[in-house]
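Presented below is the structure to which this report refers.
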Number of protein chains: 2
Amino acid sequence: MRVSAKADYAVRAAAELAAADDDPVKGEKLADAQDIPLQFLEHILLELKHAGIVRARRGAKGGYWLAKPAEEVTIADIVRAVEGPIAHVQSSPPESIEYRGNAEHLQEVWIAVRASLRTVLEHVTLADLVAGQLPSEVSALAAQPDAWVAR
Amino acid sequence: MRVSAKADYAVRAAAELAAADDDPVKGEKLADAQDIPLQFLEHILLELKHAGIVRARRGAKGGYWLAKPAEEVTIADIVRAVEGPIAHVQSSPPESIEYRGNAEHLQEVWIAVRASLRTVLEHVTLADLVAGQLPSEVSALAAQPDAWVAR
DNA sequence: CGCCTCCTGACCAAAGAGGTCAGGAAAGTC
DNA sequence: GACTTTCCTGACCTCTTTGGTCAGGAGGCG
């Protein structure tokens, strides 16, 4: 139930790319801007490239840029590219698990967990993120004062 | 962003305890009912005991039971007891991370992620779970047809 | 040609996941 | 008091993941 460093780094780097608007940005510049270890970041960018989220060119004037408009890339896309499926239980998707006895309805709970994650992650695009204009459902969640307190 | 076997097992065992209603249940019976490796389960139950969720007695007629009424124990309580804090990013709570540059608003996204998880996990009690009567916000999420399809 | 930058695989240490094993300590029964 | 039952605890184990680093290769550009 946690967000890995890799996913956090990936989203941050993608946000920088979204702001650069189709201009190739060097890995080193991304690493500097977001304070990410360069070599680790390049592995992450490679995964994003294989997932079709990012494109790249080598050589002088090379770098990385988004494969699609920033409005069409969601946080969920990026998280899935580097962490795999969201909200799997014991490495299986919740809809494929059979629960017995008094735990029978636990499946619905994990399905609801996944659905609630999706309503956040699939609705925030990179364009929203860099503009600071999150969708209303999301900013409403973040606006609750006790969303900011630890438990 | 996944649910560990430990958390899944813990909730399932707790559901059995909730259904037994203050009668001590032996570890072996719980393990059988939910198909969980016994020795692993006893470690989990110990963690739940240390967290004050479960109580236990040894010897003949011993076993485990809930320390509080099933209406007062939420899935979030159990998940936190065995997995630690929900939705930490890089092992830190989202409210304590400082984001720079174009990722500045990412903090709000992770806060919203945590808030959305809480609206599910903190509102479903063990009593709801065994009765199959989930709170309306939660069953509404699970009722959407595309909540059941993988992506 | 030479430089720049991405690309890739190998490696590494520490931690976590998912268990198993062996023995000890309380609670009840005879 | 002995015996059985059941929880309690720590040690251990294998495999994978996490969060990286290192070394070298391959493609672009001037």
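Read-outs: derived from the displayed coordinates by stated rules, not from any lab. The shown structure was predicted, so the numbers you read here are calculated from the model rather than taken from an experiment. Note that we place each Cβ from the backbone using ideal geometry, even for glycine, and neighbour counts take in every protein chain shown.
Tabulated data
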{"read-out": "Residue list for the range B:90-102, restricted to those being within 16 Å of DNA strand D (Cβ to nearest atom) and buried (at least 23 other Cβ atoms within 10 Å of the Cβ)", "value": "B:Pro94"}
{"read-out": "Flag if B:Ala7 is within 8 Å of chain A (Cβ to nearest Cβ), within 12 Å of DNA strand C (Cβ to nearest atom), surrounded by 16 or more Cβ atoms within 10 Å (Cβ to Cβ) and among the hydrophobic types (A, V, I, L, M, F, W, C)", "value": "yes"}
{"read-out": "Pair list, Cβ < 8 Å and 6+ apart or interchain, from the range A:90-110 residues that are more than 7 Å from chain B (Cβ to nearest Cβ) and under 24 Å from B:Asp21 (Cα atoms) to residues that are among the aromatic types (Phe, Trp, Tyr) and assigned to a loop (DSSP other than H, G, I, E, B)", "value": "A:Gln107/A:Tyr99"}
{"read-out": "Top-ranked residue in the range B:71-88 [being surrounded by 22 or more Cβ atoms within 10 Å (Cβ to Cβ) and facing chain A (nearest Cβ under 7 Å); ranked as nearest to B:Gln133 (Cα to Cα)]", "value": "B:Ile75"}
{"read-out": "Residue in the range A:11-55 that is farthest from the other protein chains (Cβ to nearest Cβ), counting only those that are near DNA strand D (Cβ under 10 Å from one of its atoms) and in contact with a helix residue (DSSP H, G or I) (Cβ under 6 Å, 6 or more places away or on another chain)", "value": "A:Glu42"}
{"read-out": "Candidate set: the range A:63-86, residues that are without any contact (Cβ under 8 Å) to a residue 40 or more places away in the chain and out of contact with any strand residue (DSSP E or B) (no Cβ under 7 Å at 6 or more places or on another chain); chosen: the one nearest to B:Met1 (Cα to Cα)", "value": "A:Ile86"}
{"read-out": "The range B:121-151, residues that are within 7 Å of another protein chain (Cβ to nearest Cβ), among the β-branched types (Val, Ile, Thr) and free of Cβ contacts under 8 Å to residues at least 24 places away in the same chain", "value": "B:Val138"}
{"read-out": "Residue list for the range A:24-66, filter: surrounded by fewer than 13 Cβ atoms within 10 Å (Cβ to Cβ), over 18 Å from the mean Cα position of the chain (by Cα) and among the small types (Gly, Ala, Ser)", "value": "A:Gly59, A:Ala60, A:Gly62"}
{"read-out": "Boolean, A:Ala115 is facing chain B (nearest Cβ under 7 Å), crowded, with 17+ Cβ neighbours inside 10 Å, without any contact (Cβ under 8 Å) to a residue 12 or more places away in the chain and closer than 30 Å to B:Val25 by Cβ", "value": "no"}
